[in-house]
Amino acid sequence: MATITATEAGTAPPPARRRRSKLRLRNTLIGWSFILPNFIGFGVLTLVPIVILFYMAFTNWNVFGKADFIGLANFTRLMGDGSFRISVVNTLYYSVMHIPLTIVVSLGLALLLNNKLRGVAFFRTAAFFPYITSIVAIAVVWNLLFSPEYGPINEFLKFIGIQNPPGWLTSPEWAMPAVVIVSTWRDMGYYMILFLAGLQTVPRELHEAARMDGANTWQRFTNVTLPSLRPTMFFVTVMLTINSFKIFDLILVMTDGGPGQSTLVMSQFIYRKGFEESQFGYASAAAVVLFFMCIIVTIIQFLWNKRGNK
């Protein structure tokens with residue numbers, strides 16, 4: 001009877017199996033060595049603080065002493081807190097103005113700077129520069145521009161015939177629109193870059209075909225450019241929504257929530273309760289509410305986008 005070798009039987013010899021096992025183990029260890037630092041950073045800096053935040057939301061803790069578990073008392077207190085309700089309304093007010101305005105301005109800039117113009121690289125850099133500028137410097141400059149007495153904005157409005165220009169940051173009615181203007185000016189460069197990237201993926205053949213069919217500029221924009229930008233538009237909208245709900249630094253240095261509570265937003269409410277009044281349990285409960293607001297709005301946007309793609 002002929003002897004059947006391991007190779008003829010369809011199985012690799014033991015040394016070959018060991019080599020493959022060592023190679024597979026080495027590749028696995030190399031892969032983990034790349035992703036493990038990110039996982040550790042996410043766990044230590046993000047996941048663990050989130051878990052602690054959710055626990056603290058159900059406690060009464062002011063840094064000193066033990067955190068006493070009080071159940072839903074913090075959330076019940078939030079529902080009756082007038083300042084918290086004002087911060088929620090102001091956050092929604094800011095978001096409703098900031099999101100569409102930033103999309104329109106940044107998309108318009110992207111369409112303009114997507115053309116082959118002389119010096120287009122300079123103008124792209126100039127539009128992006130405010131996004132990387134110090135927020136304190138931006139606030140100081142715009143506070144001077146919005147000054148009711150000697151600011152150049154009101155001087156220009158008077159020059160064109162407006163006798164009683166707005167008080168801007170000193171007016172409860174105009175403070176939030178002023179913040180939205182500055183925020184849009186600051187953010188438009190970043191989202192312009194995203195829209196530029198999306199515009200460069202639109203096939204030129206589609207525009208040429210639409211032009212040959214007699215479509216004008218507006219028809220090509222609505223029927224070719226916008227549908228092709230749907231993934232980019234979805235990403236920009238989600239990012240803008242989350243960032244608008246989390247607005248904090250610009251309002252802190254421009255108005256500090258004033259005048260009165262006209263620009264008090266949820267992030268600043270959380271900051272005041274936590275770091276100024278040392279009510280960390282109460283502040284954590286407000287942060288949980290903000291977290292779920294962002295989650296719910298993001299889920300709605302994902303479902304809306306999924307429905308539109310069908």
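The values are calculated or read from the model by the stated rules, or taken from the named source; none is laboratory data. All values derive from a computational prediction rather than experimental measurement. All Cβ positions, glycine included, derive from the backbone under ideal geometry; neighbour counts span all protein chains shown. Note: accessible area is taken over every heavy atom of the protein model, side chains too, but ligands, DNA and RNA are not part of it. Shrake-Rupley method; radii C 1.70, N 1.55, O 1.52, S 1.80 Å.
Working from Cα positions, state the angle (0 to 90°, nearest 10) between the long axis of helix 230-245 and the longest principal axis of the chain. So the helix axis and the longest Cα principal axis differ by about 60 degrees. With a cut-off of 13 Å between beta carbons, the residues surrounding Phe234 carry a summed charge of +3, where Lys and Arg count +1 and Asp and Glu -1. With all protein chains kept in place, the per residue accessible area of the range 72-309 amounts to 54 square angstrom at a probe of 1.4 angstrom.
Pop out the carbon and sulfur fraction of the accessible area of the range 91-180 as a percent, whole number, probe 1.4 Å.
72 percent
Volume per residue of the convex hull around the Cα atoms, evaluated for the chain, comes out as 299 Å³. Panel note: the C-alpha atoms of the range 35-126, placed on their principal axes, show extents of 65, 43, 19 Å (largest first). In order along the range 171-188, the Karplus-derived 3J(HN,Hα) couplings, from 6.51 cos²θ - 1.76 cosθ + 1.60 at θ = phi - 60°, round to 10, x, 7, 9, 5, 5, x, 5, 5, 4, 4, 5, 5, 5, 4, 6, 8, 4 Hz, and Gly and Pro are given as x.
Going by the alpha-carbon gyration tensor, a ≥ b ≥ c the square roots of its eigenvalues, is the range 245-302 rounded (a/c under 1.5) or, if a/c is not under 1.5, prolate (a/b greater than b/c) versus oblate? Oblate, since a/c reaches 1.5 and b/c is not below a/b.
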